[in-house]
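One structure is given below, encoded as C-alpha cells.
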Number of protein chains: 2
Amino acid sequence: MRLHLPILCAALLASGFFASAQQAISGAGDLVSPEIHPDNSVTIRTFAPDAKRICVEGTFTNGSEDLTKDESGLWEWNSNGPVDSDLHFYRLVVDGVTTVDVANTYVYRDVWLVASYFIVPGGKGDYYMARDVPHGTVSKVWYHTDVLGTDRRMTVYTPAGYEDSHRKYPVLYLLHGQGGDEEAWISLGRAYQILDNLIAEGKAEPMIVVMTNANCKHNAMAGEDGGGMFKPYNAGSTDSSFETHFKDVVKYVESHYRVIKKSSSRAIAGLSMGGFHSNVISLNYPKTFDYVGLFSAAVPGIRVIADGPKIDPGVYEDIDAKLAAQFRNKPRLYYIAIGDEDFLYQDNLKWRAKLDEGNYPYVWYETGEGHIWKNWRIYLTDFLPRLFK
Amino acid sequence: MRLHLPILCAALLASGFFASAQQAISGAGDLVSPEIHPDNSVTIRTFAPDAKRICVEGTFTNGSEDLTKDESGLWEWNSNGPVDSDLHFYRLVVDGVTTVDVANTYVYRDVWLVASYFIVPGGKGDYYMARDVPHGTVSKVWYHTDVLGTDRRMTVYTPAGYEDSHRKYPVLYLLHGQGGDEEAWISLGRAYQILDNLIAEGKAEPMIVVMTNANCKHNAMAGEDGGGMFKPYNAGSTDSSFETHFKDVVKYVESHYRVIKKSSSRAIAGLSMGGFHSNVISLNYPKTFDYVGLFSAAVPGIRVIADGPKIDPGVYEDIDAKLAAQFRNKPRLYYIAIGDEDFLYQDNLKWRAKLDEGNYPYVWYETGEGHIWKNWRIYLTDFLPRLFK
C-alpha cells in the first residue's frame, strides 16, 4: 500500500473519469491510506482542511475513534500497535457522514453498504491475499431451472489446471447468508484466494466450487438481472424455493463441468441462512452429499427463519426421520462451526444435542466472537482441507 | 432505485459487517439516493446534520454544485430537468472531503478512484442496463505466455448458448486504455450488458469477447496477482511487451474456446492506448484480423506514447509498409471513432490523411466531446453490429 501515484497529468491520457471530472480529484491522489507498517500497525489518513471531525469505525477499532488533524489539514489515525492478520473493513465518518476512505481503492459491498478494506499479512490474512501461485478461473454463469421457470446466475470456481486436463473434479456447493448473493463468498469470503492458496500448498484437493444466489425474488445480484438497479436488501429465501430448485443447480453443474458424480465427491456448506439451506438440502437428499458444513447456521425446526407461503413445505418437515436417514448413509464429514458469541450459538448447542442423542458423528469447531465474516473465512479455511480426502 | 430498505434489525441476522460494525450505520439506510424520477430528473440526497457544505460533482453536473440542507439535516440536490440517458458517475464533497454517496450501493473504480454511479434509461442507457434477456458468461481466466514467461489474467465473455451448443464463434479482442485493466471494459465499458442486449435484439452476432490486461508489470488487476494490494496507477504498456506477447493470447483463446480460426472471424479494437495496441497488432499481423476498431486511439508514429527500452522495437517500425500490406489483404472494416474535443483528434485527422493518401477504405465515426467513457460506450455499441456480418 506504499505505492505513490505518479503525477496526475499522466492520468489525463486515458482515463475518462479523470478527463470528465478532473474537478472531483481532491488532494487524495498522492495520499497513502491505509498504510500498513512493517510491524502490522496501521495508519489511516485523509486530507480535509475544512472538516470539523473525522472518525474511523472498523473491525480493528474500538467503536468510533477520532482522527487528529495537523496544521496542513491532514488527518491521521494510528493503531498504536499491530492489527490482527485478517481482512479488515472500515468507514470514515466526516462531520457525521459515514463514508469510505477516498484514498483507498479497495472497496467491498455487504448487502447494500460499501466499505473500504485492507488485508494485514502474517497470519490468516495470508490466505486471503492473492499470491504468486497457480490461479483458478472464476466465472459468472447462468443456468436454467425448470422448477422456477427461469435462468439464474451463479459463480463457479474451477481450479488451476482445469482447462488443460481431462481430469474430473469433486464439487463443493458453497452458500451465502441472508443479504448475500452469488458474489458474497468471492468478495467478502475471499473463497477465490483461500482456494488458490490452500490448493497450491497441497492442503486442499483441487475442486470445483459453486456459489449460488438464494434470493429467489431476483435472478442475480443487484443490477445484474432485469430487475433494475435495486438497492440490495436483506431478503433471503426460506420459502423453500431455493431448496426445491437446488436439484437444477446440481444437474447443470454435472452436465456442464467435468465432475465426479458420486456422493463422496460432493460437499455442501454455507453460512447462516446458507448453513440452514445446506442442512435442509442434505436432509432431503440424504445420498447426495458426503460432506456437510454448517457455519454459524440457522437450525431447521429450532428457529423460524421466515413465515409465509412455501412452495414445497415438505422440505422443512420430518426433520428427525430425515436426519436418521442421512446418517444411515454415513456422511464422511458433518461439520458444525460456531462462535460462542453468535446469536445462533444456543440453537447450535440444541442441534448438537440432537446429534448426540442419535449417536451421529460430527466435528464441532467452536471459535470466539459471533456472526461475522471473520469467522466465516476462518471456517472455510479450516473446512476445505477436510474435503475429498 | 425506489426500493426502500426493510428495517435494519433484519440485517443483523446474517450480515457480518452489520453485526460487527453496527455503529457505522448512519441514517442512510432508508434514504433513497440517487432517485431517478419518471421524467429522468435525478435527486441526490445525504443525511448530515453536522456538515457545513456538501457538493456533488459528476458527469451530469456543471462542475461542483451545492446540495441544500433542510432543518432535519437532510441535504438534497435536484437536476431540475431530465438527465441524459447514460451511465453517470458522481462523487460528493463533504466539507472538502471528496467521497462516494453512502446511500448508493453502486460504485465503480477508474484507475484507483472510486465513484458512485447510476444509469438513466430511455436512450443509450438502455443498452448499459442488465435486461431480462439471455445472458452470456463472464470469466476471469489465467493464460500462460511463453513470451513473457508467466501467467496473466484476462476476462472472457462467451455469449448466451455457448455452453449448450457445438457451434464455433467469432472473436473480438477488446483492449483497455492506459490505467485500465482486464476489468475496465466490463465495469466502466458495460461490455457485458451491451453485448447481451445487442445480441438479444439480433443487432450483433453472437461472439466471444476477450478483454486482456496490458499493464505487463503486473499479471492481473490490483490485488489479484502476487503483486500485493497496490494502488492502481496509470502505467500502461508501450514497451512492446503487450504487442509481442499477444500471439500467446490468440493461441490460448483458439485452443481453449470453440472459435472460428479465420481472419474473417477475428476483430481487434481498443480505446486510447488500447486503440494504439489494436493498430500496432493488426499492422504486425496483417492477415489475422479482418476487423479493426480504433476508439479515441493514440496513433503509431505520430505521438510518442512512451520512451524507454523496448522488448521488440520492430513492432513500432516500418508503419507505412505494414499499413500497405494490411490493406492489400482488404480488411472488411477499418473503423476510427473519435470525439472532436479529444486531445488525440488532430492525430486521428493525420492518420485519416495517411489512409486517404493510400486510398485505404475506412469508416470514420466522429462524435462530440473527448476522451471519456461516455464516448467509448457509444463507440462499442456502434461497432459491434458491424462485425462478422
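Ordering A:GLU205, B:GLU224, B:GLU57 by accessible surface, largest first, gives A:GLU205, B:GLU224, B:GLU57; the 1.4 Å probe counts only protein heavy atoms, with every chain in place. Working note: Debye formula, equal point scatterers on the alpha-carbon atoms of the stretch B:261-349, no solvent; log10 I(q)/I(0) at q = 0.17, 0.22, 0.25 Å⁻¹ is -0.70, -1.11, -1.32.
Only protein chains counted, 1.4 angstrom probe. Which residues of the stretch A:204-247 are at least 40 Å² less accessible in the assembly than when their chain is isolated? SASA drop of 40 Å² or more in the stretch A:204-247: A:GLU224, A:GLY226, A:MET229, A:LYS231, A:TYR233, A:ASN234. May I ask you to give the percent of accessible area on the protein assembly as shown that is carbon plus sulfur, with a probe radius of 1.4 Å? On the protein assembly as shown, the fraction of accessible area on carbon and sulfur atoms equals 50 percent. Between A:THR43 and B:LYS354, the distance separating the two model label sites (each 7 Å from Cα on the Cα→Cβ line) works out to 4.8 nm.
Only bridges with both residues in chain A count here: give the DSSP antiparallel percent, nearest 5. Intermediate results must be reported in sequence, preceding the final value.
Numbers: 40 of 64 bridges.
Counting DSSP beta bridges with both partners in chain A, the antiparallel share is about 60 percent.
With an 8 Å Cα cut-off and a minimum separation of 6 or more residues, compute the relative contact order for the stretch B:180-273 in percent. Show your work: numbers first, answer last.
On the way: 52 pairs, mean separation 21.4, N = 94.
Relative CO of the stretch B:180-273 lands at 23 percent.
The residue list B:GLY125, B:HIS166, B:PRO300 was ranked by how far each Cα lies along the charge dipole of chain B toward its positive end, using unit charges on Cβ atoms, and B:HIS166 comes out on top. Please report the relative contact order for chain A, taking Cα pairs under 8 Å with a sequence separation of at least 6, and give it as a percent rounded to a whole number. The normalised contact order for chain A reaches 12 percent. Using only the alpha-carbon atoms of the stretch A:131-272 as identical scatterers, what base-10 log of I(q)/I(0) does the Debye formula give at q = 0.13 Å⁻¹? For the requested q values the scattering log ratios are -0.56.
What does the convex hull of the Cα atoms come to per residue for the stretch B:196-304, in Å³?
Numbers: hull volume 15.2 nm³, N = 109.
For the stretch B:196-304, the hull spanned by Cα atoms encloses 140 Å³ per residue.
Each residue was assigned an accessible area with a 1.4 Å probe, and for A:TRP351 the value is about 0 Å². Over the Cα atoms of the protein assembly as shown, the radius of gyration divided by the Kirkwood radius equals 0.96; this is the Rg/Rh ratio. Kirkwood hydrodynamic radius computed over the stretch B:176-220 comes to 11.6 Å, based on all pairs of distinct alpha carbons.
Computed over chain B, the range of Cα coordinates on each principal axis works out to 71, 44, 43 Å, biggest value leading.
In cubic angstrom, how much convex hull volume per residue do the alpha carbon atoms of the stretch B:91-205 span?
Residue-normalised Cα hull volume stands at 160 Å³.
If you rank B:HIS144, B:HIS371, B:HIS256, B:HIS166 by how much accessible surface each has, with a 1.4 Å probe, what is the order from largest down?
On the way: B:HIS144 95, B:HIS371 10, B:HIS256 55, B:HIS166 170 Å².
Sorted by accessible area, descending: B:HIS166, B:HIS144, B:HIS256, B:HIS371.
Taking 31 Å as the limit for the C-alpha separation, the pairs B:LYS350/B:LYS389; B:LYS140/B:LYS354; A:LYS231/B:LYS389; A:LYS217/B:LYS140 exceed it in the case of B:LYS140/B:LYS354; A:LYS231/B:LYS389. With 10 Å² as the minimum drop in accessible area between chain alone and full protein complex (1.4 Å probe), the qualifying residues in the stretch B:69-101 are B:PHE89, B:ARG91, B:VAL94, B:ASP95, B:GLY96, B:VAL97, B:THR98, B:THR99, B:VAL100. In order along the stretch A:61-74, phi translates into HN-Hα couplings of 10, 9, x, 8, 10, 6, 7, 10, 9, 9, 5, 7, x, 8 Hz, rounded to whole numbers, per the Karplus curve 6.51 cos²θ - 1.76 cosθ + 1.60 with θ = phi - 60° and x for Gly and Pro. Annotation: the antiparallel percentage among DSSP beta bridges lying fully within the protein assembly as shown is about 65.
To the nearest ten degrees, helix A:191-200 and the longest principal axis of the Cα atoms of chain A are 80 degrees apart. Note on surface exposure: B:THR381, A:THR59 rank A:THR59, B:THR381 by accessible area, highest first, 1.4 Å probe. A compact globular protein would have a Cα radius of gyration near 2.2 N^0.38 Å; the ratio found for the stretch B:88-134 is 1.39.
Quarter the surface of the alpha carbon convex hull of the stretch B:21-123 and you get the mean projected area, 7.3 square nanometres.
On a 0 to 90° scale, report how tilted helix B:373-383 is relative to the longest principal axis of chain B, with both axes built from alpha carbons and the result rounded to the nearest 10. It works out to around 50 degrees. The contact between chain A and chain B removes approximately 8100 Å² from the accessible area (both sides summed; 1.4 Å probe; ligands, DNA and RNA excluded).
Distances between copies at B:GLU65, taken between label points 7 Å from Cα along the C-beta direction, are 4.0 nm in increasing order. Distances from A:VAL147 to itself in the other copies, using label points 7 Å out along the Cα-Cβ axis, amount to 4.8 nm in increasing order. Note on A:HIS256 and B:ALA324: the model spin-label points, each 7 Å out from Cα along the C-beta direction, lie 5.1 nm apart. The stretch A:213-290 and the stretch A:155-195 have Cα centres lying 13 Å from one another.
Buried on complex formation within the stretch B:103-133 (loss of at least 50 square angstrom of accessible surface versus the isolated chain, 1.4 Å probe, ligands and nucleic acids ignored): B:THR105, B:TYR106, B:ASP110, B:TRP112, B:LEU113, B:VAL114, B:ALA130.
All alpha carbon pair distances within the stretch B:75-114 were sorted into 10 Å bins beginning at 0; the resulting P(r) in whole percents reads 21, 52, 26, 1. Calculated accessible area for chain B comes out at 35 Å² per residue, all protein chains present (probe 1.4 Å; ligands, DNA, RNA ignored).
The values are calculated or read from the model by the stated rules, or taken from the named source; none is laboratory data. Given the structure is predicted, the values throughout are model-derived calculations rather than measurements. Please note: Cβ atoms are built from the backbone with ideal geometry, for glycine as well, and neighbour counts cover all protein chains shown. To get the accessible areas, we keep the full protein, side chains included, count just its heavy atoms, and leave off ligands, DNA and RNA. Shrake-Rupley method; radii C 1.70, N 1.55, O 1.52, S 1.80 Å.
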